[in-house]
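Asker: Below you will find the structure I want to go over with you.
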Amino acid sequence: MRMTIQKSIRLGVFIIVGIAIFAYAIYIIGKQRNLFGNTFTVSGIFKDVSGLKVGSNVRYSGINVGTVSTIKLVNDTLVRVQATLENKVHPFIREDSRMEIGTEGVMGNKVVNITPGSSTQPVVDEGDVLGTIEAVKIDEILEQLERSSINTTRVTKNLAEITSKINQGEGIFGKLFTDTSFTNNLDEISRNTAQLTRNFSTISGNINKEEGVIGKLLSDTTLANEFDQSGHNLLESTRELKKITEKINQGGGLFGKMFTDTAFTRSLGNSAKNLEYTTRQAKTISENLANITQQMESGRGVINKLLTDSVFSDSLDGTLKNINRSAKELDQAAETLRKNWFIRTFSSKKQEQEQPEGEEAENQQENRGPENQEK
Amino acid sequence: MNNEGGNNILSDVSGLAKFTVRVVHHLLNPPFENREMIKQSYNIGYKTLPLIAITAFILGLVLTLQSRPILVDFGAEMLLPGMISVSIVREIGPVVTALICAGKIGSGIGAELGSMKVTEQIDAMEVSGTNPMKFLVATRVLATTLMLPILVFFADAISFIGSFIAVNLHSDISVQLFLTDAFAPLHFYDIIPATIKSFIFGFAIGVIGCYKGYQAGFGTEAVGRAANSAVVVASVAIFIIDMLVVELQHSMELLKF
């Protein structure tokens with residue numbers, strides 16, 4: 001029952017300290033929850049708050065500046081989040097600041113981040129609604145990850161199938177890797193191709209070096225000139241022949257009469273037939289030539305010889321020369337006949353004398369035609 | 001009063017209920033025995049503090065050291081102060097303090113009142129015109145009810161010190177950072193229900209101790225029995241109350257208080 005002053009003081013200190021501890025705890029917690037001190041509120045409207053709770057921290061530039069005070073459904077799709085912030089950050093929150101729902105760490109609590117606005121914008125007022133940035137949802141990321149992993153599985157499965165097929169020697173790659181005969185064929189093909197290209201290169205080289213017929217054709221101007229010349233001569237002789245036949249047809253002079261009878265006509269017809277034959281042969285030649293060039297174009301085996309055999313081209317050259325020469329000779333013969341033989345025999349009828357000579361020249365030409373063909 | 005030793009649990013409960021009503025009646029109605037109340041507060045609060053301090057310090061230290069490995073496994077060592085603070089403030093502080101008080105104070109009250117009852121001092125007090133319910137019981141119940149929360153605050157604070165030391169055994173953390181981390185997860189719905197719980201624990205310890213002492217039979221062994229059953233019943237009562245208050249805490253948490 002006796003109470004000393006000392007005991008009372010001890011009890012008083014005990015109680016005061018105990019209550020002080022309690023008060024300190026309450027104050028600290030209250031400070032964290034912004035119960036004391038000046039605050040202001042801002043809000044944002046979100047489609048999804050992804051688990052944000054009342055009391056979640058609000059951060060500005062990573063600093064805790066307040067808490068979420070209310071979360072309310074505005075309508076069926078929108079949620080209004082109101083945050084109570086310390087007054088000391090009021091000057092920094094501009095009207096174009098944005099609210100964003102983030103996470104503390106990877107799996108931590110949800111927090112509201114307020115991004116700094118531009119300094120030109122006015123400071124927010126009490127209760128203003130800030131713009132929001134929709135949060136990246138872990139669910140969506142996981143969903144995408146799942147999708148891509150399914151794809152990866154498919155791809156690897158296909159790869160596995162392909163490689164197993166290759167191992168078993170299926171498909172072209174499989175053959176490539178396993179079938180030795182296939183590889184050998186490929187090898188051969190490539191070797192042949194190499195040969196072919198080498199040949200082509202030789203041919204083009206020969207052409208450039210003016211070897212072979214084509215080379216000569218393309219580069220030897222004398223040959224071209226000869227062709228030109230022979231063509232010219234042929235034209236000349238046919239013109240002469242035409243003159244003769246015209247005269248015969250007119251039946252002028254003794255020989256005119258002589259040759260207008262049917263026997264003569266028949267022989268003339270024969271010679272015309274022969275001429276026709278000659279032209280047919282010439283046509284065949286040109287056709288053959290066309291064939292040759294075609295074959296050359298399609299690259300068949302014979303061409304090589306044709307192109308590279310200079311003997312052949314030489315002989316062709318010789319032939320052409322012969323044609324040229326014979327045409328000239330024909331011309332000369334016709335001239336000689338007219339001047340000498342016919343003048344001598346039928347000096348009065350110069351025009352009719354030419355006829356037998358023309359026949360002779362004709363025959364000469366006919367004989368030469370098949371000769372050319374044979375070559 | 002009619003049940004010797006309190007063998008029957010049902011009569012025990014009904015007797016305790018009647019006793020509680022009488023205690024509350026005397027607590028609310030003057031005159032109040034202030035001097036006796038202060039004396040009891042001194043004995044109950046101040047004299048229990050060293051015991052509570054040692055227990056709380058060791059508890060904070062050990063709890064931190066024991067929880068640390070699993071948090072390190074999760075790479076969440078930084079959450080250690082917060083975890084310890086929540087478990088101490090919410091549960092371990094009040095319950096351990098209350099259990100120690102049940103052992104020390106409850107048995108003390110039971111033995112004191114039991115011996116007074118056995119030696120018929122209570123009857124003598126009644127004869128001399130002092131209401132023993134008011135003078136002996138109400139003062140003790142009020143003292144335990146008021147002192148226990150304060151002891152809990154001390155216990156919490158001291159176990160924080162123990163926890164701080166334990167955290168610093170393995171890492172280096174400033175007092176400021178420790179306190180920030182420790183208070184970070186704490187809400188009012190952690191502290192307020194725990195404090196309410198502490199008052200109820202104190203009240204229960206006082207009432208049960210007094211009731212058991214008051215119910216003591218005859219002979220010296222009755223005193224020991226009274227003290228013993230006071231501790232046992234008070235300890236069980238603490239756990240039952242704790243279980244009920246968890247619900248209160250939960251509902252406060254839902255209200256975001």
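Asker: With θ set to phi - 60°, apply the Karplus curve 6.51 cos²θ - 1.76 cosθ + 1.60 along the stretch A:18-27 and write out the HN-Hα couplings as whole Hz, x wherever there is a Gly or Pro.
Answerer: x, 5, 4, 4, 4, 5, 4, 4, 4, 5
Asker: Moving on. Could you pull out every residue, at least 5 positions away or on a different chain, whose amide H is within less than 5 Å of the one on A:Gly131? Hs are placed 1.01 Å off N in the peptide plane, and Pro or chain starts have none.
Answerer: A:Met99
Asker: For B:Lys104, A:Lys273, what ranking results if the residue with the fewest other Cβ atoms within 10 Å of its Cβ goes first? Display every interim value, and only then the final one.
Answerer: Details: B:Lys104 17, A:Lys273 10.
Ranked by crowding around the Cβ, least crowded first: A:Lys273, B:Lys104.
Asker: Antiparallel versus total DSSP beta bridges in the stretch A:37-136: what percent is that, nearest 5?
Answerer: On the way: 26 of 34 bridges.
Counting DSSP beta bridges with both partners in the stretch A:37-136, the antiparallel share is about 75 percent.
Asker: Let me ask something else. What is the extension gain from A:Asp48 to A:Asn64, computed as 0.36 nm multiplied by their sequence separation minus the C-alpha to C-alpha distance, in nm to one decimal?
Answerer: Result: 3.6 nm gained on full extension.
Asker: From the residues B:Ser11, B:Val137, B:Met116, which one has its Cα farthest along the dipole of the stretch B:9-254 in the positive direction, the dipole being from +1 and -1 charges on Cβ of Lys/Arg and Asp/Glu about the Cα centre?
Answerer: With unit charges placed on the Cβ atoms, the residue in question is B:Met116.
Asker: How would you rank A:Val111, A:Val81, going from fewest to most other Cβ atoms within 10 Å of each one's own Cβ?
Answerer: In increasing order of surrounding Cβ atoms, one gets A:Val111, A:Val81.
Asker: Can you run phi through the Karplus equation (6.51, -1.76, 1.60; θ = phi - 60°) for the stretch A:43-55 and list ³J(HN,Hα) in whole Hz, with x for Gly and Pro?
Answerer: 9, x, 10, 10, 7, 8, 9, 6, x, 5, 10, 5, x
Asker: Excluding B:Lys47 itself, calculate the net charge of residues whose Cβ lies under 15 Å from the Cβ of B:Lys47, where each Lys or Arg counts +1 and each Asp or Glu counts -1.
Answerer: Counting the neighbours of B:Lys47, the net charge comes to +4.
Asker: Which entries of A:Lys47/A:Lys110; B:Lys134/B:Lys197; A:Lys7/B:Lys47; A:Lys243/A:Lys273; A:Lys47/A:Lys72; A:Lys243/A:Lys321 have Cα-Cα distances beyond 21 Å here?
Answerer: Values: A:Lys47/A:Lys110 15 Å; B:Lys134/B:Lys197 24 Å; A:Lys7/B:Lys47 10 Å; A:Lys243/A:Lys273 19 Å; A:Lys47/A:Lys72 12 Å; A:Lys243/A:Lys321 26 Å.
Table pairs above 21 Å Cα-Cα are B:Lys134/B:Lys197; A:Lys243/A:Lys321.
Asker: Moving to a separate point now. What value in Å³ per residue do you get for the convex hull of the alpha-carbon atoms in the stretch B:9-147? Don't skip to the end; give the middle numbers.
Answerer: Details: hull volume 20.3 nm³, N = 139.
Once divided by residue count, the hull of the stretch B:9-147 is 146 Å³.
Asker: Give me B:Leu61, B:Leu79, A:Leu196 sorted ascending by neighbouring Cβ count inside 10 Å, so fewest comes first.
Answerer: Final ranking by Cβ density, sparse to dense: A:Leu196, B:Leu79, B:Leu61.
Asker: Given H placed on each backbone N at 1.01 Å, which residues far from A:Val65 in sequence or on other chains put an amide H within less than 5 Å of it?
Answerer: It is A:Val58, A:Arg59, A:Tyr60, by chain and number.
Asker: Along the charge dipole of the stretch B:145-256, pointing to its positive end and built from +1/-1 on Cβ of Lys, Arg, Asp and Glu, which listed residue (B:Leu254, B:Thr180, B:Pro149) has its Cα farthest out?
Answerer: Looking along the dipole axis, the top candidate is B:Pro149.
Asker: Now, a different point. At q = 0.11, 0.12, 0.19, 0.26 Å⁻¹, what is the log10 ratio I(q)/I(0) for the stretch A:1-97, with the Debye formula run over Cα points and no solvent?
Answerer: -0.50, -0.54, -0.94, -1.30
Asker: Can you find, among B:Pro31, B:Met78, B:Ala56, the residue sitting farthest towards the positive end of the charge dipole of the stretch B:11-103, where Lys and Arg contribute +1 and Asp and Glu -1 at Cβ?
Answerer: The residue sitting most towards the positive pole is B:Pro31.
Asker: Ok, one more. Of B:Ile84, B:Ile192, B:Ile105, which has the largest mean-square fluctuation in a 10 Å C-alpha GNM of chain B?
Answerer: Of the options given, B:Ile192 has the highest mean-square fluctuation.
Asker: Right, here's the next one. If you take the alpha carbon radius of gyration of the stretch A:39-137 and divide it by 2.2 N^0.38 Å, what ratio comes out, to two decimals?
Answerer: 0.98
Asker: Given the C-alpha atoms of chain B, compute the convex hull and give its volume per residue in Å³.
Answerer: Dividing the Cα hull volume of chain B by its residue count gives 141 Å³.
Asker: Next question. Taking amide H positions as placed 1.01 Å from N in the peptide plane, with prolines and chain starts having none, which residues 5 or more places from A:Gly55, or on another chain, fall under 5 Å of its amide H?
Answerer: Placed amide hydrogens put A:Val68, A:Ser69 under 5 Å from A:Gly55.
Asker: While we're on this one: Output needed: percent of Cα pairs per 10 Å distance bin for the stretch B:137-242, bins running from 0 to the one holding the longest distance.
Answerer: 14, 32, 25, 18, 9, 2, 0
Values in this text are rule-based calculations from the coordinates and carry no lab data. Given the structure is predicted, the values throughout are model-derived calculations rather than measurements. Neighbour counts are summed over all protein chains in view; Cβ atoms, including those assigned to glycine, are modelled from backbone coordinates with ideal geometry.
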